[in-house]
Amino acid sequence: MTWTTTAPPPHGGQPILVQGTPVTEARSAMVLLHGRGAGADDILPLGEQVPRPGMIYIAPAAAGSTWYPNRFIAPIESNEPWLSSALAAQNSRSTSRSSNNISM
């Protein structure tokens, strides 16, 4: 299954890969965030290494395979709007979590 982020650009509209228990039945969730240069399809298999009944595995994808363009120790302003968009992308499915019995 694939969802789509509702974040502002640059990460808005990026896919969110989903595996495991359907969201309507899930009791817990694991959010898997890929590293720089990788993608959601690279990190999602990690969830298979931690199988849990009732868990949904969620892997959002960053635009251009990076959540922010500069080093993490760079001034925050130099990583904007990427950083704010990344945080919004990771929270873009919060309404789905709160409308189901998922504990995160």
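Only the coordinates and a few stated rules stand behind these numbers; no lab work does. Since the structure is predicted, the reported quantities are computational estimates derived from the model, not experimental observations. Cβ placement follows ideal geometry from the backbone for every residue including glycine, while neighbour counts extend to all protein chains displayed.
The table for this structure:
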| quantity | calculated |
| --- | --- |
| The chain, relative contact order in percent, only Cα pairs under 8 angstrom and at least six apart counted | 36 percent |
| Cβ charges +1 (Lys, Arg) and -1 (Asp, Glu), total dipole of the chain, debye | 200 debye |
| In Hz, Karplus ³J(HN,Hα) per residue of the range 29-39 (6.51, -1.76, 1.60; θ = phi - 60°; x = Gly, Pro) | 9, 10, 9, 10, 9, 6, x, 4, x, 10, x |
| Rg/Rg_globular for the range 2-94, with Rg_globular taken as 2.2 N^0.38 Å and Rg from C-alpha atoms | 1.11 |
| Residues whose placed amide H lies under 5 Å from that of T4, excluding near-sequence neighbours | I16 |
